[in-house]
1. Show the residue pairs meeting these rules: Cβ distance below 8 Å; 6+ apart or different chains; first residue within region 580-606 and under 17 Å from V621 (Cα atoms); second residue part of a loop (DSSP other than H, G, I, E, B) and among the aliphatic types (A, V, I, L, M).
2. Contact list please: Cβ distance under 7 Å, first residue in region 619-635 and more than 16 Å from M545 (Cβ to Cβ), second residue charged (D, E, K, R), pairs at least six apart or on different chains.
3. Condition (residue is outside any helix (DSSP H, G or I) and closer than 27 Å to D350 by Cα) applied to region 200-210: is it met by at least one residue?
4. If a residue must be crowded, with 21+ Cβ neighbours inside 10 Å and out of contact with any strand residue (DSSP E or B) (no Cβ under 8 Å at 6 or more places or on another chain), how many such residues does region 57-80 contain?
5. Within the bounds of region 499-517, is there any residue that is charged (D, E, K, R), out of contact with any Gly (no Cβ under 9 Å at 6 or more places or on another chain) and within 10 Å of the ligand (Cβ to nearest atom)?
6. Is there any pair linking a residue in region 667-692 that is within 15 Å of V655 (Cβ to Cβ) and without any contact (Cβ under 8 Å) to a residue 60 or more places away in the chain to one that is assigned to a loop (DSSP other than H, G, I, E, B) and more than 16 Å from the ligand (Cβ to nearest atom), with Cβ under 9 Å and at least six apart or on different chains, and which?
7. With the checklist (1) among the acidic types (D, E); (2) under 18 Å from V546 (Cβ atoms); (3) over 31 Å from the mean Cα position of the chain (by Cα) in hand, flag the one item D587 doesn't pass.
8. Only one of S309, S273, S286 is buried (at least 17 other Cβ atoms within 10 Å of the Cβ) and of a type in the set (G, A, S). Can you tell me which?
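The values are calculated or read from the model by the stated rules, or taken from the named source; none is laboratory data. Since the model is a prediction, treat every value here as computed from it, not as a measurement. Here the Cβ positions follow ideal geometry from the backbone for every residue, glycine too, while neighbour counts run over all protein chains shown.
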Amino acid sequence: AQLDTLDLVVLVALLVGSVAYFTKGSYWAVPKDPYASSAAANGAAKSGKTRDIVEKMEQTNKNCVIFYGSQTGTAEDYASRLAKEGSQRFGLKTMVADIEDYDYENLDKFPEDKVAFFVLATYGEGEPTDNAVDFYQFLTGEDVAFESGATGEDSPLSSLKYVTFGLGNNTYEHYNSMVRQVDAALTKLGAQRIGTAGEGDDGAGTMEEDFLAWKEPMWAALSDAMSLQEREATYEAVFSVTEDELKTPEDESVYLGEPTSAHREGAAKGPYSAHNPYIAPIVESSELFTVKDRNCLHMEISIAGSNLSYQTGDHIAIWPTNAGAEVDRFLEVFGIQDKRHSVISVKGIDVTAKVPIPTPTTYDAAIRYYMEVCAPVSRQFVSTLAAFAPDEESKAEIVRLGNDKDYFHEKITNKCFNIAQALQTITSKPFTAVPFSLLIESINKLQPRYYSISSSSLVQKDKISITAVVESVRLPGASHMVKGVTTNYLLALKQKQNGDPQPDPHGLTYSITGPRNKYDGIHVPVHVRHSNFKLPSDPSKPIIMVGPGTGVAPFRGFIQERAALAAKGEKVGTTLLFFGCRKSDEDFIYQDEFKTWQAQMGDSLKIVTAFSREGSEKVYVQHRLKEQATLVSELLKQKANFYVCGDAANMAREVNLVLGHIIAEQRGMPAEKGEEMVKHMRSSGSYQEDVW
Ligand code: FAD
């Protein structure tokens, strides 16, 4: 009979799954350019806001559009790089376009002598990125109808030449499914692909090399298809960066790190979102454990009076500030430390170029607040600096690094250098000739980082807590500790809040009080992102949670909520948590709170622990899960929801496999059937992951 219940779940699965999926685009915040008001000052806005790409290309005299579907900025970065290369090496007239800024119904009118690129990341469980949801739905829908009235049957896209590259992660089940599906749909509609549909793999850490290896044959094929002549690439700035001596950093019009113009004017107000963060007070902060170089932070962030709201299981995004030590290093390496506070004005040279940072600003503010200067470095970026090297010797070294993948790996990637660190190993002379435009073009926008909210909205609706482990790791091969941008900034805020006048976590310093001291009194810019990671609406339903390390974050919220409901006399189902860490007396976070909640919930709260460094063998949560097969299976029969949070690369995968085995074994089915059941649980929403 139980099998029947699960099969029923299967039947409803697809329906619920697709409803959940299709509502997400509108439910989640769609990232927009937070500097929209400053962009208005450049040509992009002036050229008019048509949603017709054919018209737009005509107006701006382009023959190559590079659309991107991006969540964290990498696909957008690859799109810009392709645009630059196409223009500089092949004389293409390129433009980059956010895929949600245009309509798709007229792609059947795309001229034959032009080309469209689609650079598309796959997100989460094989989903499109937020900005590509509409495009994906349009193209893969049942009856795609174009303006000309042509349908899928008539090869409506026969005039469309396209190039495509996907960004994915092979540790997820639906590896690069976005590019695969879009490519299949375009081909089915008659469009002609040029080159192969490229796939980059973040899971294997080969994204950059996959991209570089894919693009050369693609350019050759495109040159053939469009009769392009390759020429010596010379750098052409995308932006003009001018120093404005008439302005000082004190001028009200200058952005000193503020996320939007309203923040700059001191008039920021809601609704707060991914394009308009709320400057939130941190009301409490502490360390859950500190051992040697490992710290784990707990922070309580107030959203009272902001009109922001959250639900248990949602995410909060923290907008970080780069460490002072890294800002100084960057300024020195490019020889601009003496004019760090000069005001610069950035404009797109081409009307389609969107300025990615607010302007006017200062060099210091741009580097500290708007540019991801600490990120790993790409071989292509380093190559472009050869022309601006301070002497012939450094130039030769850069050329070698650019041409030799293994050498680059050994000298730069393996050592985990950011751009300034990498250049410091080449020469101690400053790279004063590098145009600042090149740096703006090549370095991503500083991205907010997401954290799984570790509190319950039912218990503390105006206070969001986060649980974050401070990234300070020596990666294999690295000669220095790699310091996470956001978590070290949060550690500095915690130190300041707890009385340290000069916070200096791991030798870094921060501009704690923020632009124009607007973050004084310990504030941090945040926004909330709603997720589908949710408790069952009926608290009497049992739940099983697997959350080792900081993966326990959302489950602290879940348990806090169920304990409060139990304290109010509500019937709360079995609440089973698998928690893992190194040692019971080292990094077992929240154990005192769990004891308190256990007192409120009695036997319904069960916590199973796995300490990896206590016995002779390493024990992880998936081992404990296996040991508890009977209980787990029993709870699934009672329609338990199953949740996994934390490490996407190994743990989540293992847990998924173990659960399949448990189901198969306990029900006497073949292993594949167990796996299928887990898949069905996923699509029906009874198996939920929050992994990173
Ligand atoms: P970053 O600066 O982003 O660095 C991250 C890592 O990148 C480093 O550890 C290093 O491995 C690598 N790296 C950085 N620079 C270099 C370089 N130059 N060369 C080579 N490698 C480099 N984290 C939590 O602690 N708790 C949570 O609850 C939580 N929830 C999350 C929920 C979601 C939905 C997502 C997507 C992520 C979540 N994370 C959580 C992870 C979190 O968002 C951050 O990624 C994490 O805190 C690190 O951020 P950071 O800015 O400190 O590190």
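1. Within 8 Å, the pairs are G580/V619; C581/I589.
2. The qualifying pairs are A629/E665.
3. Restricting attention to region 200-210, the residues satisfying the condition of being outside any helix (DSSP H, G or I) are 200-206.
When the remaining residues are screened for being closer than 27 Å to D350 by Cα, the result is none.
Within region 200-210 (the criterion being outside any helix (DSSP H, G or I) and closer than 27 Å to D350 by Cα), the answer is no, since none of the residues qualifies.
4. 1
5. So in region 499-517, the residues charged (D, E, K, R) come out as 500, 504, 516.
Narrowing the set further to residues that are out of contact with any Gly (no Cβ under 9 Å at 6 or more places or on another chain) leaves 500, 504.
Next cut, within 10 Å of the ligand (Cβ to nearest atom) only: none.
No, that holds for no residue.
6. K679/E173
7. In the conditions (1) among the acidic types (D, E); (2) under 18 Å from V546 (Cβ atoms); (3) over 31 Å from the mean Cα position of the chain (by Cα), D587 misses (3) alone.
8. On the way: S309 fails: buried (at least 17 other Cβ atoms within 10 Å of the Cβ); S286 fails: buried (at least 17 other Cβ atoms within 10 Å of the Cβ).
Just a single option satisfies the conditions, and that option is S273.
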